[in-house]
Amino acid sequence: MMHISTTTSPRFQICDQKKILHFGVLLFGASIFLTTASSAQQTAKFYVGGSAGLSRSPDVTMIGDGNDRSSVCDEFINPLYAALPECTAPNRGEGDSWAVPFDAAWGTFGSAFAGYRFTPLIRAELEYVLRINNYGERSPVTTAQGVNADKLSDELFLAEEWLGTVSSLGLLANVHFDLNLTESPILPYLGVGIGFGDTKADYGSVWSRSPDPDDIRTGRDQPNAEEIAMNLAGVASSGHATMRETLLVFQMMAGAEYFVQEKISFDLRARLMLSQEFRGIIVWDPLRSHVPNIRKDGSEPVRGVMTTDDLSALVLSFGMKYYF
């Protein structure tokens, strides 16, 4: 039987990424003010361009939280569920979270942008970005709370989840600060940006119990303990979903342009992209080898909510710009 740590961990903590995100919003607002204040002093120059490159996303921890009840409250498993007060209480699923870690992943990045130079030092830009990271990893559930902790330590011989492709398609408004302090064909710059990203994550989940009724400890204190053990032995819950949410995205950039002509330059950018907490829905069908609800009349459907604060990325891209 698999033995997995069931140490309780805090859920939905405020992480450093959120602090950076809030700081970035303020910084971006200040950048817009500076750009507007200086725009009347210079002749505008438009440019367009595109870039492609690699992205690196850090380790991801998915936190799961569902509205399921204990298996003894499942009418398909325990016909006598109604005699138990906890099986009809309104707060089903409360305190039954779990966590799944996934390793960092490489991916690809592409963008198209159009900008406007307000002064020799300041440019504003709209950027359309696509980022794809393929984790392609199955990972065991490592921590859990509530009834899930008991399941992991006692009777589950398989509890793993899968994170596939994570993609984000978004539009950002950027402000660049050019550092043209010397006469050179190389123009370094710093930048910040903010916008929205349509983010999708392929996700799967499999939880399976031991096929031996003697391993089943759930319901051992019930009058029909043998029936419960027989009904639970060998059952499995599995699901797959492409979870999707639109997130606020913030980025910080450092780059350099190399002018090969007066109107054409190569552009190299490094950036850190941060986003809000991602939240997606998954439904286990089957749930404990039956339809995804816990009542035979179809009531009390079950679903899980998967969240993470970790969908950031470091990106290095190379592109070209054309100035009008």
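The values are calculated or read from the model by the stated rules, or taken from the named source; none is laboratory data. All values reported here derive from a predicted model rather than from experimental measurement. All Cβ positions, even for glycine, are placed from backbone atoms using ideal geometry, and neighbour counts span all protein chains on display.
Yes/no per residue for (1) exposed (fewer than 15 other Cβ atoms within 10 Å of the Cβ); (2) touching a Gly at 6+ places or on another chain (Cβ under 7 Å):
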{"position": "Gln261", "(1), (2)": "yes, no"}
{"position": "Arg269", "(1), (2)": "no, yes"}
{"position": "Val283", "(1), (2)": "no, yes"}
{"position": "Arg288", "(1), (2)": "no, no"}
{"position": "Pro292", "(1), (2)": "no, no"}
{"position": "Ser312", "(1), (2)": "no, no"}
*Using beta carbons and a limit of 7 Å, which pairs, at least six apart or on different chains, have the first residue in the stretch 269-298 and farther than 22 Å from Leu248 by Cα and the second one part of a loop (DSSP other than H, G, I, E, B) and of a type in the set (S, T, N, Q)?*
Asn293/Ser299
*Being surrounded by fewer than 21 Cβ atoms within 10 Å (Cβ to Cβ) and in a strand (DSSP E or B) is the filter here, so list the residues in the stretch 215-238 that pass it.*
Ala236, Ser238
_One residue is enough: does the stretch 65-75 have a residue meeting the conditions in contact with a Ser or Thr (Cβ under 7 Å, 6 or more places away or on another chain), touching a residue at least 60 places away in the same chain (Cβ under 8 Å) and either of a type in the set (A, V, I, L, M, F, W, C) or within 30 Å of Ile264 (Cα to Cα) (or both)?_
yes
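Does any residue of the stretch 148-157 turn out to be aromatic (Phe, Trp, Tyr), surrounded by fewer than 20 Cβ atoms within 10 Å (Cβ to Cβ), under 24 Å from Gly304 (Cα atoms) and at pLDDT below 95?
Pass one, the stretch 148-157, residues aromatic (Phe, Trp, Tyr): 157.
With the extra rule that they be surrounded by fewer than 20 Cβ atoms within 10 Å (Cβ to Cβ), the set shrinks to 157.
Adding the requirement that they be under 24 Å from Gly304 (Cα atoms) leaves 157.
Remaining after also requiring at pLDDT below 95: 157.
For the stretch 148-157, residues aromatic (Phe, Trp, Tyr), surrounded by fewer than 20 Cβ atoms within 10 Å (Cβ to Cβ), under 24 Å from Gly304 (Cα atoms) and at pLDDT below 95: present.
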*Which of the residues spanning the stretch 162-201 are more than 20 Å from Arg271 (Cα to Cα) and either at pLDDT 95 or above or among the aromatic types (Phe, Trp, Tyr) (or both)?*
Trp162, Leu163, Gly164, Thr165, Lys200, Ala201
*List every residue pair whose Cβ atoms sit under 6 Å apart, with the two residues 6 or more apart in sequence or on different chains, where the first one lies in the stretch 172-195 and is farther than 17 Å from Arg117 by Cα and the second, anywhere, is outside any strand (DSSP E or B) and of a type outside the set (Lys, Arg).*
Ile194/Phe28
*Among (1) touching a strand residue (DSSP E or B) at 6+ places or on another chain (Cβ under 7 Å); (2) surrounded by fewer than 18 Cβ atoms within 10 Å (Cβ to Cβ); (3) modelled with pLDDT under 90, where does Phe28 come up short?*
(2)
